Each structure stands twice: as structure tokens, then as C-alpha cells.
Amino acid sequence: MSETLENLLQETRQFPPPAELAENANVKADAYKEAEVDRLAFWEKQARRLHWFKEWDQTLDWSNPPFAKWFVGGQLNISYNCLDRHVLAGQGDRVAIHWEGEPGDTRTLTYNDLLIETKKAANALTSLGVQAGDRVAIYMPMIPEAAVAMLACARIGATHSVVFGGFSVDALKGRIQDASAKVVITADGGYRRGAPSALKPTVDESVAECPTIEKVLVVRRTGQDVAWTDKDVWWHDAVGNASEEHEAPAFDAEHPLFILYTSGTTAKPKGILHTTGGYLTQASFTHHAVFDLKPESDIYWCTADIGWVTGHSYIVYGPLSNGATQVMYEGTPDTPHKGRFWELIEKYRVTILYTAPTAIRTFAKWGDDIPAQFDLSSLRLLGSVGEPINPEAWMWYREHIGGNRCPIVDTWWQTETGAIMISPLPGVTNCKPGSAMGPLPGISATIVNDEGQPTDGGYLTLTEPWPSMLRTIWGDNDRFIETYWARFREQGYYFAGDGAKRDSDGAIWLLGRVDDVMLVSGHNISTTEVESALVAHPAVAEAAVVGATDATTGQAICAFVILRGGASVSEAELRDHVGKTLGPICKPRQVQLVAELPKTRSGKIMRRLLRNIAEKKELGDTTTLQDANVMQLIKEGMQTSTED
Ligand code: 6R9
């Protein structure tokens, strides 16, 4: 980006918090002031929401940046904080997880149940030879044992590395090898799109080339046939027969908790390392503050997979540390029908829903009539994460899911940040559709230009260390420095890789990855704003925009558009619509109607692939793009070329 990002999209709608929510909010406006006066004292106060076996001597050691130590000298156990603590406080009978399998089978686990299962799993892992500091890979479907496996690792100080259950042999193998994991925890399979989907064969093939693996612990979920080696152990044998007694040992605040791999687009995956005390402090506080969770009455549901950081922080560690009752769902949103999510919300009387823009846009595409068939009146708060949420998708979410009464928290954060960084507080903030609004109390973010100077449109940076920050890239301190801290070395800022703008009220708007920013006739134009303009057209459900090399303008805007069910519109009309909304410079050179967009496994649009397509086709035949088979090929190519 040579200059700053253009400030294009004007959004004037605003939604204040519902009065009752504001009055009873867990965190109110004074928190901002409090954190501003003394940031470290603010985080100490949040750390005290947890149970420490030994209090820290120093809140933050930042003497060797960018290597932070938080709550130095403090000792705690994460599993104790998520489980024992609630049971000891008399909440053992509270439901922790309402689990729903894709075929419709269900399980209910109280905090007592979850604690017992975790203690048994901790004992089983110990007898399999796992010790504090060892790495354990977890490759599982969305079943309660996945959470138990994570909590059991945390309980004995083993560092878990969860690998998304949809990943291939190469991805799993690479991650096991990079972390030198000793044990893999997996299942025979899980249910996806109405059928059992095997996991064990992928593990077998991977483990054959991973000499560090000593044991493979296998949950029986689907009952499908599995090959068996002498490393394999059934969960129901090892955990089933283990003792229910297990005392949680104290670990140092900086003890490694987990590694989670994130690959960006092309490069070798980075093993993002998170540690114990600071991570749990911020995951727990942000869950309490941003979702306003009332553990006695709320039913919380985060639809992420535990293979992503959202599942780590907002299914396992945040909610459980706060004693939440939550829904956990194994399958896909359209199995056996497209109203499955809404059916579950009605069934469990879900009050807080946390999902992704890609899902919201898909629901909008499927049609308003589907959620309208269900009783969603239990909902009181909605959240969004993973991508910029276009204002129209935000409005659709508000109206069709939230019944125009629920605040929406658009939460910006990353695997690297560990927990939410920029988000409204639902009882305080006047939300604008499409804006993550501002940094949470205790968080410092600034938008800067190439020189690292504050600006209204440019790079998003984090200017002060935060408790749940990544500590390094596993085994590669140099890459950690290079990737996140070299760009604004002089200022000492963390560079997030995202573009953002600040509006005249100071609200922050995320504009996508800076690698995706388009340079058109000397103007820096964000993909997000053009996509949002397209999605604002009534016929459009989803849009992805890329800049393709162009002889006259440097780059030209190419748009790939999915229409809403039953809608039809001409390419010219969409081009004009963007031109009218954002100005003629933003008028796409071409608009292609497509059936699907290439996305990562976590649902983020992969613009890089579309850019390749747009560039190759720019001089010739563009009709092939309308061919669904081409998109199918893109999708297949995507699955072999990238795993994230
Ligand atoms: C939590 C998660 C991180 C990247 C991040 C940004 C994008 C996430 C967003 C958002 C705009 C939001 N992102 N939340 N962009 N608004 N509310 O998604 O982590 O998978 O590591 O991705 O996702 O580009 O840099 P991760």
C-alpha cells in the first residue's frame, strides 16, 4: 500500500444497546476509563477473576520485546479454572454442554460429568506416558471428547495441537512433525452431511511417517471399521477404566498451553504458541464482557469448530472458565435441512449466538423464509467473527435472526491474538452495521500509514502487549519477529496484516487483508468495501472482489457474485450499482455470476485463487468462469494446494 486506503463506504445507521441489557451489563463504560488510567492494574483485576494457586510477582515483563511474559511467577491450572472451581462452588449439576450429533443423537454433560471425564482422560494420558511439556495432537470431530481431550491435556500440562478434522494426511503429518507430538487423540470418524466421515485412516497414514508418535487414542463415535495397530488404544478402554481421582497440579503462568497452526495463504503453516495465565485471563474476560454471559440463565452457542482458534477460546476456555451452559453441534448447517441451526436455537432456547459472516451470507442466500419457520425469540445477543461482515449481512442477521432486538457484536481478532481485541461492548456501544467499533478496554490499537504514523485508512496495528498475545511461532523465533514485529519495528507495534479505516466518530472498520488491497489508477481500494457495496444490492447474496493486472489502470476490479435464491440481475446493473455507491473508480471491470466461491476450511474467501483466474482470463474467454465446473476445479485445486 503506497498511500492510505480510500474511505469509500458511508454507513450512517446506528443501534444503541437495548436499555435492559445496558443496565445489567457485565461490563459498563467505566471499564474503558479504568483501563486507560492503569492498563496493567486493569488486567490484574481480570486475572483475579480466575483461581491462582500462587499469585504473580510481576504483571508484565516486556523487557525483551517482542517476547512477553504475563503474570510472572503466578501459578494456576486451566482445567481447574474451567471445571473444579465451578463444581467446588456448588455448580456441579449445571449443564456445561448440550451436545447434538448430526444424526440427532444427543448428550448432556454437567460440569460434574465434564470434570470426571477430564480427570479420567488426564489419568489415561499420564498412563500412556504423556508428561507436562509433551505435545499431543488432537484430530477429532465435534464431540464432547474433543473438549475433554483439550482440558485433560491442559490439566496435566501437555501442550495440545488441535488439527481441524477436515485436514488431509499431509497437513496432519506436517503439524505432528513440526511439534514432535507424542500422542494423537482421534476418533473412528464423525458425522458430516448425513454420513459417517472417517478420520482414523488419515491418522494411520500420517502416523506411519511420524516416528515421535507413541500412542493413538481413538474415540468410538461412528462405529465404522478401523484398521488397528499396536500403537492404537480405544478411548473407552483407556479413559473408561481410568481413575476418577486427579488433583490438578499448578503450572507456571507462562507454561505452554497450546499450539495452533495457521497458514495464511501459501506459506508453511505457523505454529502459533499460546501460554497459560495471560491467555485464560483474556479469553475469560472477553467472553464475559463481549457476550455479557449470565451463567445462571444464558444458553450460549458458538458454531465454530474446535479446530479453529474460535473453538479454543469461545467454546472451550472462555465459556467453561465462566461456567457457561452451551450448545455444541457436530454437523453442518444444512443437514438434514437448511433450518438446522434455527431448529437447535428453538430446541435449546439459545440466548447468545456466535457465528461467521460466511454462514450469515449463506443463510441469507437460502432465504428469509427458513429462519422464519422457527421460534428464535430466546436470542438476546448475536456475535460475528472471521471476516469483515458487510453492512447488509449485518442488517440481515439483525432482522431475520435477532428479531431487530439483539445487539450484534462484530469481534475482530486472530489466532495470534488469542482472544477478542476489537469489538463493541453490547451494553455500552452504539453499534454501526459492519464496524467492529473499537478496541476493548485494556487493548491498544492504531491505524497507521507506511511510516507508522496514525492515519484514517491504512494498516491495523496493536501498540501495547496484551495478555493473550502469541508468545512465538513454535520453534521459529526469527519468523515470529519477521512476520509480526518487523514491519513497524521502530514503533514497536504488532502488525496484524489487516487494512482498516477509522470514521469520523472513531469507529474502526476492518477492510480485509492488506495483501488483497487493490491499486486502481493510483487509488488504494479495499476488497471489503466493494464487496459490501455489491452485497447491498437486493439481488446479491455474496461477493468476492479481486484486483487483476490491467494495462491502463494498474489493477482492475473483478467481482465474483452469488445471487440470492430466485434473483436475477444483469452484469451492467451491478457494475453501475457499485459505481453509484462508491464512485466511478470502483466500478468493476467485470462481474461474474458464480454458484460458489472458493473458501478456506474456516469459511474465509480465498481471493488469491480468484485473482489467478481473473488474471489468466482477462484477455480472452471469460465465459468459462460461469461454468460451475470451473469453480469446482478451483475448489478441488484449493483443497490440494492449501489446507487452511
Ligand atoms: C478469529 C479468527 C484472523 C483474520 C484476521 C482478519 C479476519 C477475523 C474479523 C476479521 C474483519 C472481523 N477477521 N475477525 N475481519 N472483522 N470481525 O478468525 O482468527 O482464523 O486467525 O483469522 O480473520 O483478516 O486477521 P484467524
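The values are calculated or read from the model by the stated rules, or taken from the named source; none is laboratory data. Bear in mind the structure is a predicted one, so any value in this text is a computation, not a measurement. Note that each Cβ is placed from the backbone with ideal geometry, even for glycine, and that neighbours are counted across all protein chains shown. Surface areas here come from the heavy atoms of the whole protein model, side chains and all, with no ligands, DNA or RNA. Shrake-Rupley method; radii C 1.70, N 1.55, O 1.52, S 1.80 Å.
Could you run through the range 414-437 and say how many residues are within 14 Å of the ligand (Cβ to nearest atom) and surrounded by fewer than 21 Cβ atoms within 10 Å (Cβ to Cβ)?
Residues in the range 414-437 being within 14 Å of the ligand (Cβ to nearest atom) and surrounded by fewer than 21 Cβ atoms within 10 Å (Cβ to Cβ): 2 in total.
What strands (runs of 3 or more DSSP E) completely inside the range 41-127 contain at least 3 residues that are more than 28 Å from MET469 (Cα to Cα), of a type outside the set (Val, Ile, Thr) and at pLDDT 95 or above?
95-100
Given the condition within 19 Å of PRO357 (Cβ to Cβ), open to solvent by 40 Å² or more (accessible area, probe 1.4 Å) and either at pLDDT 95 or above or in the same structural domain as LEU597 (by TED's automatic domain parsing) (or both), answer yes or no: does some residue in the range 545-564 qualify? Walk me through how you get there before you give the answer.
Initial filter on the range 545-564 (within 19 Å of PRO357 (Cβ to Cβ)): 545-546, 559-564.
Retained after the next criterion (residues that are open to solvent by 40 Å² or more (accessible area, probe 1.4 Å)): 564.
Next cut, either at pLDDT 95 or above or in the same structural domain as LEU597 (by TED's automatic domain parsing) (or both) only: 564.
For the range 545-564, residues within 19 Å of PRO357 (Cβ to Cβ), open to solvent by 40 Å² or more (accessible area, probe 1.4 Å) and either at pLDDT 95 or above or in the same structural domain as LEU597 (by TED's automatic domain parsing) (or both): present.
Tally up the residues in the range 265-308 that are under 24 Å from HIS51 (Cβ atoms), aliphatic (A, V, I, L, M) and open to solvent by 10 Å² or more (accessible area, probe 1.4 Å), please. Give the derivation first.
First, pick out the residues of the range 265-308 that are under 24 Å from HIS51 (Cβ atoms): 273-298, 300, 302, 306.
Then drop every residue that is not aliphatic (A, V, I, L, M), which leaves 273, 280, 283, 289-290, 293, 306.
Narrowing the set further to residues that are open to solvent by 10 Å² or more (accessible area, probe 1.4 Å) leaves 273.
Looking only at that region, the number is 1.
Yes or no: the range 566-578 includes at least one residue that is open to solvent by 60 Å² or more (accessible area, probe 1.4 Å), modelled with pLDDT under 90 and acidic (Asp, Glu).
Within the range 566-578, not a single residue is open to solvent by 60 Å² or more (accessible area, probe 1.4 Å), modelled with pLDDT under 90 and acidic (Asp, Glu).
Return yes when ASP478 is open to solvent by 10 Å² or more (accessible area, probe 1.4 Å), at pLDDT below 95 and more than 24 Å from the chain's Cα centre (by Cα) and no when it is not.
Numbers: open to solvent by 10 Å² or more (accessible area, probe 1.4 Å): yes; at pLDDT below 95: no; more than 24 Å from the chain's Cα centre (by Cα): yes.
So ASP478 does not fit the description; no.
Within the range 499-519, is there a residue that is under 27 Å from THR417 (Cβ atoms), surrounded by fewer than 17 Cβ atoms within 10 Å (Cβ to Cβ) and of a type in the set (S, T, N, Q)?
yes
Can you spot a residue in the range 330-340 that is at negative phi, in contact with a Leu (Cβ under 9 Å, 6 or more places away or on another chain) and not in a helix (DSSP H, G or I)?
Scanning the range 330-340 turns up no residue that is at negative phi, in contact with a Leu (Cβ under 9 Å, 6 or more places away or on another chain) and not in a helix (DSSP H, G or I).
Looking at GLU100, GLU44, which is the one that is in the same structural domain as VAL350 (by TED's automatic domain parsing) and not polar (S, T, N, Q)?
Details: GLU100 fails: in the same structural domain as VAL350 (by TED's automatic domain parsing).
So the residue among GLU100, GLU44 that is in the same structural domain as VAL350 (by TED's automatic domain parsing) and not polar (S, T, N, Q) is GLU44.
Collect the residues in the range 168-188 that are of a type in the set (A, V, I, L, M, F, W, C) and open to solvent by less than 10 Å² (accessible area, probe 1.4 Å), keeping them in residue-number order. Walk me through how you get there before you give the answer.
We begin by selecting, within the range 168-188, every residue of a type in the set (A, V, I, L, M, F, W, C); these are 169, 171-172, 176, 179, 181, 183-185, 187.
Once the filter is applied, which keeps residues that are of a type in the set (A, V, I, L, M, F, W, C) and open to solvent by less than 10 Å² (accessible area, probe 1.4 Å), the range 168-188 yields ALA171, LEU172, ILE176, ALA179, ALA181, VAL183, VAL184, ILE185, ALA187.
Among the residues that make up the range 434-453, is at least one of them in contact with a Cys (Cβ under 9 Å, 6 or more places away or on another chain) and of a type outside the set (S, T, N, Q)?
Within the range 434-453, the first condition is being in contact with a Cys (Cβ under 9 Å, 6 or more places away or on another chain), and the residues that meet it are 437.
Restricting the remaining residues to those that are of a type outside the set (S, T, N, Q) gives 437.
Yes: one or more hits.
Is there a residue being touching a residue at least 12 places away in the same chain (Cβ under 8 Å), open to solvent by less than 40 Å² (accessible area, probe 1.4 Å), on the phi > 0 side of the Ramachandran plot and not in a strand (DSSP E or B) anywhere in the range 157-164?
Of the range 157-164, the ones touching a residue at least 12 places away in the same chain (Cβ under 8 Å) are 157-164.
Going one step further and asking which of them are open to solvent by less than 40 Å² (accessible area, probe 1.4 Å), we end up with 157-164.
Those left that are additionally on the phi > 0 side of the Ramachandran plot: 157.
If we keep only those that are not in a strand (DSSP E or B) too, we end up with 157.
Taking every residue of the range 157-164 in turn, at least one turns out to be touching a residue at least 12 places away in the same chain (Cβ under 8 Å), open to solvent by less than 40 Å² (accessible area, probe 1.4 Å), on the phi > 0 side of the Ramachandran plot and not in a strand (DSSP E or B).
Being over 24 Å from THR4 (Cα atoms) and modelled with pLDDT of 95 or more: is that true of THR429 here? Don't jump to the end; show me each part of the working.
Numbers: over 24 Å from THR4 (Cα atoms): yes; modelled with pLDDT of 95 or more: yes.
Criteria met by THR429.
So which residues in the range 445-489 are assigned to a loop (DSSP other than H, G, I, E, B) and without any contact (Cβ under 8 Å) to a residue 24 or more places away in the chain? Give the steps one after another, and end with the answer.
Residues of the range 445-489 assigned to a loop (DSSP other than H, G, I, E, B): 449-453, 455-456, 463-471, 474-476, 485-489.
Answer for the range 445-489, where residues must be assigned to a loop (DSSP other than H, G, I, E, B) and without any contact (Cβ under 8 Å) to a residue 24 or more places away in the chain: GLU451, GLN453, ALA486, ARG489.
Condition test on LYS270, is it on the phi < 0 side of the Ramachandran plot, charged (D, E, K, R) and within 20 Å of the chain's Cα centre (by Cα)? Steps first, answer last, please.
Details: on the phi < 0 side of the Ramachandran plot: yes; charged (D, E, K, R): yes; within 20 Å of the chain's Cα centre (by Cα): yes.
So LYS270 fits the description; yes.
List the residue pairs whose Cβ atoms are under 6 Å apart, where the first residue sits in the range 492-515 and is under 16 Å from PRO439 (Cβ atoms) and within 8 Å of the ligand (Cβ to nearest atom), the second is open to solvent by less than 10 Å² (accessible area, probe 1.4 Å) and of a type outside the set (Gly, Ala, Ser), and the two are 6 or more positions apart or on different chains.
From the range 492-515, the pairs are ALA496/LEU460; ASP498/LEU460.
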